[in-house]
1. Give the residues of segment 10-34 that are open to solvent by less than 70 Å² (accessible area, probe 1.4 Å) and in a helix (DSSP H, G or I), sorted by residue number.
2. I'm trying to understand the selection: among the residues of segment 35-54, which are outside any helix (DSSP H, G or I) and not aliphatic (A, V, I, L, M)?
Amino acid sequence: MDDFYAAVVQATEEAVLNALVANSDMTGRDGNRSPALPHAMVVAALKVRDAIAG
């Protein structure tokens, strides 16, 4: 069970990081707008915390 749990944690972490880095501005129904996170700032913050290699 420990190996399975570790795999789930790693997959979840990767999915969250992908969602933070690979995003774009969105305009939805009724003109509701959701701006993207600034890619360079997100990557820099993750590198400082050793969350990504680089």
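1. A11, A15, L17, A19, L20, V21, G31 - these are the residues of segment 10-34 that are open to solvent by less than 70 Å² (accessible area, probe 1.4 Å) and in a helix (DSSP H, G or I).
2. P35, P38, R49, D50, G54
The values are calculated or read from the model by the stated rules, or taken from the named source; none is laboratory data. These numbers were taken from a predicted model, which means no experiment stands behind them. The area values use the complete protein model at the heavy-atom level, side chains included, leaving out ligands, DNA and RNA. Shrake-Rupley method; radii C 1.70, N 1.55, O 1.52, S 1.80 Å.
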